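K.L.:
Sharing a structure, written as structure tokens. Questions coming.
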Amino acid sequence: MAELLNPFKIVQQQLKTACEKLGYDDSVYELLKEPEKVLTVNIPVKMDDGSIKTFIGFRSQHNTAVGPAKGGVRFHPDVTLDEVKALSTWMTIKCSVVGIPYGGAKGGVVVNPKELSKSELERLARGYFRAIASMVGPEKDIPAPDVYTNPQIMAWFMDEYSKLKGYNTPGVVTGKPLNLGGSAGRNEATARGCTFTIREAAKEIGLDLNGATVAVQGYGNAGSVAAKLLAELGCKIVAVNDSKGGAYNPEGLDPLAVLKHKENTSTVKGFPGTKDISGEELLELDVDILIPAALENVITSKNAANIKAKIIGECANGPTTPEADKILYKNGILVIPDILANAGGVTVSYFEWVQNLMNYYWSEEEVNSKLEAIMVKAFKEVYAMHKEKGVNMREAAYLVSVKRVADAMKIRGWL
Ligand code: GLU
């Protein structure tokens, strides 16, 4: 049988397994297998040359049993409705793994933002947010950044919504710039949370992070900051890549210098003193820690058996297929699943929203220590479940999380 690669089918399978292991009747899975609400929008945008181009966008609210829907918006040429539905489902699971009071949502626009001018991008961002405005709001659904979106785009979202409302509404979006109600520490939060979980995983398996080797696949906000934070803990970053190529040096790379090189040349490739490395080679390097920090389905049945890392910290959403998961588990590799490893982003989004609602702001130290407490607690809960039930970390995370969502649905009377 062909390997399952449709992310929505994958998450449905993951949910089904969890519901079965938890001994639930079909009603729980039936309610969780589809999003509560999905909107498809057509967005006309005036281009700089005066022509009109139409873009397709989506917003999916998966489940709101625990609280308002929460999740980022992705601008990427490969976005599909099924991908957005899958990502919204993973957000429900993710928020529940770390115990924050949100359900899951996700949005996406089919576009390559790198091909738009800044003013075209602004018109697209505003057009998308106007189109989904009736669906979002601080008490309903709170978007945030995801692949190829950033604080500037969040500022346009927030501005557009505030104009529609007639008053400033910072709590409608998180990941905003600091001077518009953003939170200290939000930019680094995904990677910082991932780093906390890697540190805890390393303790469990007796891996000394001082001198541990790391390969990072994807050098956007999550990957580049994870490289920097792990280097601060003494790790040696030996290989990094992005959509244009990779850079490898077994002696180690300076993550900040690599980022500068990427800013100047638009890729990490060609960083002085490194050899080119392909994406496939990077994943199979003999390193202690592997960080997939780009897109879905990069670790599959084709390469999983060749992966040598001891710990995989999934900064990206959905990087590992179910087939690959089985192989990695059999080979004794500790996978910290996306729904735990990258939950630091949405956790600090939660802090940002809380600060917006009370209009009182915390220091970066305060944010980081609250984040650490949540990530360490969630890691320990999932790790304990993994040991107790003899299942991999992803299944363990689903067991912890789906139970919380199902309990909320039951007590609300939905089931
Ligand atoms: N896009 C991020 C994620 O996949 C963050 C979502 C948020 O902050 O709401 O977790």
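K.L.:
With respect to the numbered conditions (1) within 10 Å of the ligand (Cβ to nearest atom); (2) touching a Phe, Trp or Tyr at 6+ places or on another chain (Cβ under 8 Å); (3) among the small types (Gly, Ala, Ser), which one is the sole condition not fulfilled by residue 133?
P.N.:
With (1) within 10 Å of the ligand (Cβ to nearest atom); (2) touching a Phe, Trp or Tyr at 6+ places or on another chain (Cβ under 8 Å); (3) among the small types (Gly, Ala, Ser) applied to residue 133, the lone miss is (1).
K.L.:
Given (1) out of contact with any Lys or Arg (no Cβ under 6 Å at 6 or more places or on another chain); (2) touching a residue at least 60 places away in the same chain (Cβ under 8 Å); (3) within 21 Å of residue 315 (Cβ to Cβ); (4) not acidic (Asp, Glu), identify the lone condition not met by residue 109.
P.N.:
Checking residue 109 against (1) out of contact with any Lys or Arg (no Cβ under 6 Å at 6 or more places or on another chain); (2) touching a residue at least 60 places away in the same chain (Cβ under 8 Å); (3) within 21 Å of residue 315 (Cβ to Cβ); (4) not acidic (Asp, Glu), the one that fails is (3).
Yes or no, residue by residue, for (1) in contact (Cβ under 8 Å) with a residue 40 or more places away in the chain; (2) crowded, with 16+ Cβ neighbours inside 10 Å; (3) under 18 Å from residue 41 (Cβ atoms):
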position: 104; (1), (2), (3): yes, yes, no
position: 126; (1), (2), (3): no, yes, yes
position: 131; (1), (2), (3): yes, yes, yes
position: 140; (1), (2), (3): yes, no, yes
position: 151; (1), (2), (3): no, yes, no
position: 156; (1), (2), (3): no, yes, yes
position: 159; (1), (2), (3): no, yes, no
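K.L.:
Filter the stretch 81-122 down to the residues that are more than 18 Å from residue 18 (Cα to Cα) and among the hydroxyl-bearing types (Ser, Thr, Tyr), then identify the one that is nearest to the chain's Cα centre (by Cα).
P.N.:
Step by step, filter the stretch 81-122, then rank; the result is 102.
K.L.:
Filter the stretch 224-252 down to the residues that are part of a helix (DSSP H, G or I) and farther than 12 Å from residue 195 by Cβ and list them by number.
P.N.:
The answer is 224, and nothing else.
K.L.:
Where residues in the stretch 139-153 are near the ligand (Cβ under 7 Å from one of its atoms) and under 12 Å from the mean Cα position of the chain (by Cα), which of them is farthest from residue 178 (Cα to Cα)?
P.N.:
The selected residue is 146.
K.L.:
Which pairs turn up if I take residues in the stretch 373-389 that are small (Gly, Ala, Ser) and look for partners that are assigned to a helix (DSSP H, G or I) and at pLDDT 95 or above with beta carbon separation below 7 Å, at least 6 apart in sequence or on another chain?
P.N.:
378/97; 378/340
K.L.:
Name the residues in the stretch 318-333 that are touching a Phe, Trp or Tyr at 6+ places or on another chain (Cβ under 8 Å) and basic (Lys, Arg), would you?
P.N.:
Across the stretch 318-333, there are no qualifying residues.
K.L.:
Report yes if residue 114 is within 15 Å of the ligand (Cβ to nearest atom), within 20 Å of residue 151 (Cβ to Cβ) and among the basic types (Lys, Arg), otherwise no.
P.N.:
No.
Results for (1) surrounded by fewer than 24 Cβ atoms within 10 Å (Cβ to Cβ); (2) out of contact with any Ser or Thr (no Cβ under 6 Å at 6 or more places or on another chain), shown as yes or no for each residue.
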position	(1), (2)
346	no, yes
349	no, no
359	yes, yes
363	yes, yes
372	yes, yes
377	yes, yes
385	yes, yes
392	yes, yes
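K.L.:
Consider the stretch 320-347. How many of its residues are more than 19 Å from residue 217 (Cα to Cα), touching a strand residue (DSSP E or B) at 6+ places or on another chain (Cβ under 8 Å) and away from the ligand (no atom under 16 Å from the Cβ)?
P.N.:
Total meeting the criteria: 1.
K.L.:
What pairs can you find where one residue is in the stretch 327-345 and under 14 Å from residue 104 (Cβ atoms), the other is of a type in the set (Ser, Thr, Tyr) and assigned to a helix (DSSP H, G or I), and their Cβ atoms are less than 8 Å apart, with a gap of 6+ or different chains?
P.N.:
Hits for this filter: 339/398; 339/401; 342/190; 345/190.
K.L.:
In a loop (DSSP other than H, G, I, E, B), surrounded by fewer than 24 Cβ atoms within 10 Å (Cβ to Cβ) and in contact with a helix residue (DSSP H, G or I) (Cβ under 6 Å, 6 or more places away or on another chain): which single residue out of 168, 210 fits that description?
P.N.:
The conditions single out 168.
K.L.:
Would you mention how many residues in the stretch 34-83 are within 16 Å of the ligand (Cβ to nearest atom) and of a type in the set (Ser, Thr, Tyr)?
P.N.:
Qualifying residue count for the region: 2.
K.L.:
A further question on this structure: Where in the stretch 255-359 are there helices (runs of 4 or more DSSP H), lying fully within it, with 2 or more residues that are touching a helix residue (DSSP H, G or I) at 6+ places or on another chain (Cβ under 7 Å)?
P.N.:
255-265, 322-330, 338-341, 344-358
K.L.:
Another one. For the stretch 90-121, which positions are over 23 Å from residue 353 (Cα atoms) and assigned to a helix (DSSP H, G or I)?
P.N.:
Answer for the stretch 90-121, where residues must be over 23 Å from residue 353 (Cα atoms) and assigned to a helix (DSSP H, G or I): 113, 114, 115, 118, 119, 120, 121.
The values are calculated or read from the model by the stated rules, or taken from the named source; none is laboratory data. Every value quoted in this text rests on a predicted model; they were computed, and no experiment measured them. Note: ideal-geometry Cβ built from the backbone for every residue, glycine included; neighbour counts use all protein chains shown.
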